Structure formats: structure tokens, C-alpha cells
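Step one of this worksheet: look at the structure below.
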Amino acid sequence: MEEAKKLVDIIVEGIQEKKGTDIVVADLDGLDGTICRYFVICQGNSPMQVEAIAESVGDYAREKAGEKPVHVVGLENAQWVALDYVDVMVHIFLPETRSYYDLETLWQDAKMEMIPNLD
């Protein structure tokens, strides 16, 4: 399995560990004007949960793949946290912020994989 896709799978595990929901993986490979190969988009129900998901993703990526984000933004208000792993961008939203920015529509030409929510 290629390294970027392996990292995506590990990131999804980290999101699910903290009960992140509505996970979408957008495969941007082959699209013009992209800044990475994959977007992983999810949401938490509160700023505290968004922050916990971001921390879990960071822990999982570091421990299981030896990866650290090159940049993290949004932790100060935790409405939208973005973690940049170069080939993979992780976006963790509050529901209303996710709806407002609607990244899935912005990248609608990408192959989208919806990850089922865990019970």
C-alpha cells in the first residue's frame, strides 16, 4: 500500500478513536490545482471534541507512521482545525463550520469515500 494512503487509514483510526463523525476521504490525485493528494474531512460536536480529535490524529500518525504535521492551524478556537501532512490534509470541523465551507462541494471532482460512523 502506498505511504499516503496508509497514512490516511491511520488518520481515520485516530478520528474514530475520539468518535469523530461523517468522515470523508477525498482522493485529489490527478486533479489540477491541488495542494495535496488526499483531504480527510470530519467533524466533532464541540470545540473540545474537535481539539481531542486533532490530538488523537497527531498521536496516531506519529506512533503508527512516524509522521508529524508540518503545520497545524485552528487550535486556538477549535471550530476548524487543519493538520498538514504534505500529501494528506486533515480538516476537523464543528458541524456549522463544515457546512459553511462545504469542502466536499469545492472538490466535487475528486473521488469521495464516505467512512461509516462507528456506533
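The values are calculated or read from the model by the stated rules, or taken from the named source; none is laboratory data. A quick note: this is a predicted structure, and the numbers were derived from the prediction, not measured. Ideal geometry is used to build each Cβ from the backbone, glycine not excepted, and the neighbour counts take in all protein chains shown.
Details
- Inside the stretch 91-110, residues that are part of a helix (DSSP H, G or I), closer than 22 Å to Asp29 by Cβ and in contact (Cβ under 8 Å) with a residue 40 or more places away in the chain make up a count of 2.
- For Asp22, the conditions (1) at pLDDT 95 or above; (2) more than 12 Å from His91 (Cβ to Cβ); (3) of a type in the set (D, E, K, R) are fulfilled apart from (2).
- Filtering the stretch 40-90 to residues that are part of a strand (DSSP E or B), within 19 Å of Tyr100 (Cβ to Cβ) and over 11 Å from the mean Cα position of the chain (by Cα) leaves only Val73.
- In this structure, Val8 does satisfy being of a type in the set (A, V, I, L, M) and assigned to a helix (DSSP H, G or I).
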